[in-house]
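Remarks on the structure that follows.
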């Protein structure tokens, strides 16, 4: 049974009360696609719609979100990189789950490579967003196959570009082209549109 949304309905004085479990969304794609920036940007946009959303860094070997959020200076990032180990993957997977105890929606910033470690982390997600640069679009199929193999539903496929015109639309999945994911959170019309469609699709 999917963990995406469970509804426990209780009858209390002729009234129905609905309880929903938290939702975990993972953003996957090749390195340097803008996943960390998108995670924080979507979390901010969802919060503007009243959704308790939080961006969680799952790439513990090469963390980025704490720098994007301004919690640490960028010059420290290179010195803090580590090698992936099974123990580090376990820690990231646990971190993903634990964040759901504090927030209704957790957007996980995944490692940029498909490995045994990233598989362990992705298995904790309910839904996935694929983000690829325009020059690495061929990897979209690899990431689609990866998420399907771990049983995570893909809700959005996006392309990141540094320049051009962005757009967002919804068909079977949300499709978007996002411009300027350059390590600074943004809430332009495309990001806000993506957040709105995610909210509607997942009934947040």
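Can you put 143, 74 in order of Cβ neighbours within 10 angstrom, beginning with the fewest?
With the sparsest Cβ surroundings first, the list reads 74, 143.
Quick one: compute the contact order of the chain, relative version, from alpha carbon pairs under 8 angstrom and 6+ residues apart, as a percent.
Computed value for the chain: 25 percent relative contact order.
By how many degrees, between 0 and 90 and to the nearest 10, does the Cα long axis of helix 189-201 differ from the longest principal axis of the chain?
Rounded to the nearest ten degrees, it is 40.
Determine the distance separating the Cα centre of region 159-204 from the Cα centre of region 125-148; give it in Å without decimals.
15 Å
Evaluate E = 1/(1 + (r/R0)^6) for residue 177 and residue 94, where r is the Cβ-Cβ distance and R0 equals 25 Å; express this FRET efficiency to the nearest 0.05.
So the FRET efficiency works out to roughly 0.15.
Tell me, in nm to one decimal, what length is gained between residue 76 and residue 161 on full extension, where the rule is 0.36 nm per residue of separation less the Cα-Cα distance?
28.0 nm
From the square roots a ≥ b ≥ c of the eigenvalues of the alpha-carbon gyration tensor of region 112-204, which class results: rounded (a/c under 1.5), prolate (a/b over b/c), or oblate?
oblate
Using label points projected 7 Å from each Cα along Cα→Cβ, tell me how many nm separate residue 101 and residue 52, to one decimal.
Going by the 7 Å Cα→Cβ label model, 1.4 nm.
By the gyration tensor of its Cα atoms, with a ≥ b ≥ c the square roots of the eigenvalues, what is the shape of region 40-186: rounded for a/c under 1.5, prolate for a/b over b/c, or oblate?
The shape class here is rounded.
Kindly express, to the nearest 10 degrees and within the range 0 to 90, the angle between helix 86-99's C-alpha long axis and the longest C-alpha principal axis of the chain.
40 degrees
Helix 139-149 against the longest principal axis of the chain: what's the angle in degrees, Cα atoms only, rounded to the nearest 10?
On a 0 to 90 degree scale, this one is about 40.
Read the figures in this text as sums done on the coordinates, not as results from a lab. Note that this is a predicted model, so its numbers are computed, not measured. Counting neighbours? That spans all protein chains shown, and the Cβs are built from the backbone with ideal geometry, glycine included.
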